[in-house]
Structures are given as C-alpha cells and as structure tokens.
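Structure record follows, encoded as structure tokens.
The values are calculated or read from the model by the stated rules, or taken from the named source; none is laboratory data. Since this is a predicted model, take the numbers as computed values, not measurements. Cβ placement follows ideal geometry from the backbone for every residue including glycine, while neighbour counts extend to all protein chains displayed. We work out accessible area using only protein heavy atoms, side chains counted, and drop any ligands, DNA or RNA first. Shrake-Rupley method; radii C 1.70, N 1.55, O 1.52, S 1.80 Å.
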Amino acid sequence: MRHNQPNKCYPYTYYVVHKQTGVAYYGVRTSNYTKLQISPLEDLGEHYFTSLGKHSLWFKEQFKTKPYLFYFKIHQTFDTVSEALAFEKLMVSRLRNKKRWLNKSCI
C-alpha cells in the first residue's frame with residue numbers, strides 16, 4: 001500500500017531538484033528498509049544521494065557535497081519493495097521524455 005510516512009522505516013520514492021537549473025531526478029530507495037532499517041527522513045540526503053550513474057555523476061556529486069543547492073523530498077512510502085519499484089517505474093514512464101528530468105529509462 002502507498003502512503004506518506006517518511007518518519008517510519010519503509011521503502012520510498014523521492015525526487016531531487018537542482019534549485020538553479022531545475023534539473024530533476026525521480027528515484028526509489030529500498031536498502032534503507034531491507035538493510036539499514038532507517039526511515040526515509042534519516043536516509044535521503046544523509047546516507048543516500050540518488051542512484052544516478054556515470055551519465056549524471058555531476059548531479060549526484062553536487063547533491064552529496066552541496067545539498068543546499070537542491071530541493072529534495074520523499075514522495076511516497078510503501079509497505080513492500082515491489083510496490084515501491086512498481087510505482088517508480090510508473091512515475092519514470094511519465095517523466096522520462098520531459099526535458100528537465102534526468103530519468104531516461106523505466107526498466
């Protein structure tokens with residue numbers, strides 16, 4: 001089930017937006033739930049800085065070293081990992097062709 005409880009340990013989806021450029025990324029995080037056992041609020045921007053790969057490494061590195069340049073938000077929390085992954089896939093399918101979003105795949 002989808003809900004918004006970022007202060008409890010659940011898998012979650014999130015988005016990160018670079019304040020100056022408007023470049024954004026939508027993602028999912030499950031390791032906070034399966035391995036770390038911490039809430040999304042304790043995770044995003046503290047332990048986790050997106051899953052962006054080499055093509056957008058600048059975004060991830062800037063978010064990690066200069067988080068004040070970004071707006072980031074936990075979008076939804078989920079009861080299960082599979083629900084979180086399915087929702088991310090749905091959202092990325094809607095965003096991947098939009099110019100300011102770094103998401104290009106919804107595999």
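Data for the structure
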quantity	calculated
Which listed residue is among the basic types (Lys, Arg) and within 11 Å of the chain's Cα centre (by Cα), from LYS99, LYS35, LYS73	LYS73
Members of region 56-84 that are free of Cβ contacts under 8 Å to residues at least 60 places away in the same chain, surrounded by 15 or more Cβ atoms within 10 Å (Cβ to Cβ) and touching a strand residue (DSSP E or B) at 6+ places or on another chain (Cβ under 6 Å)	PHE63, PHE70, PHE72
Region 87-105, residues that are open to solvent by 30 Å² or more (accessible area, probe 1.4 Å) and closer than 17 Å to ASN4 by Cβ	GLU88, LEU90, MET91
Residue tally, condition within 22 Å of HIS18 (Cα to Cα), in a helix (DSSP H, G or I) and in contact with a Ser or Thr (Cβ under 9 Å, 6 or more places away or on another chain), over region 79-107	3
Some residue of region 1-9 being within 12 Å of the chain's Cα centre (by Cα), surrounded by 15 or more Cβ atoms within 10 Å (Cβ to Cβ) and either modelled with pLDDT of 95 or more or not β-branched (Val, Ile, Thr) (or both)	no
Selection within region 1-48 - farther than 18 Å from VAL92 by Cβ and among the hydrophobic types (A, V, I, L, M, F, W, C)	MET1, CYS9, LEU36, ILE38, LEU41
Those residues of region 10-31 which are of a type in the set (D, E, K, R) and surrounded by fewer than 19 Cβ atoms within 10 Å (Cβ to Cβ), in sequence order	LYS19
Some residue of region 32-55 being open to solvent by less than 60 Å² (accessible area, probe 1.4 Å), farther than 19 Å from MET1 by Cα, of a type in the set (Ser, Thr, Tyr) and touching a residue at least 12 places away in the same chain (Cβ under 8 Å)	yes
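To keep it simple, each residue is scored yes or no on (1) in a helix (DSSP H, G or I); (2) out of contact with any Gly (no Cβ under 6 Å at 6 or more places or on another chain); (3) among the aromatic types (Phe, Trp, Tyr); (4) at pLDDT below 95.
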{"residue": "VAL17", "(1), (2), (3), (4)": "no, yes, no, no"}
{"residue": "GLN20", "(1), (2), (3), (4)": "no, yes, no, no"}
{"residue": "TYR26", "(1), (2), (3), (4)": "no, yes, yes, no"}
{"residue": "HIS55", "(1), (2), (3), (4)": "yes, yes, no, yes"}
{"residue": "GLU61", "(1), (2), (3), (4)": "yes, yes, no, yes"}
{"residue": "TYR68", "(1), (2), (3), (4)": "yes, yes, yes, no"}
{"residue": "GLN76", "(1), (2), (3), (4)": "no, yes, no, no"}
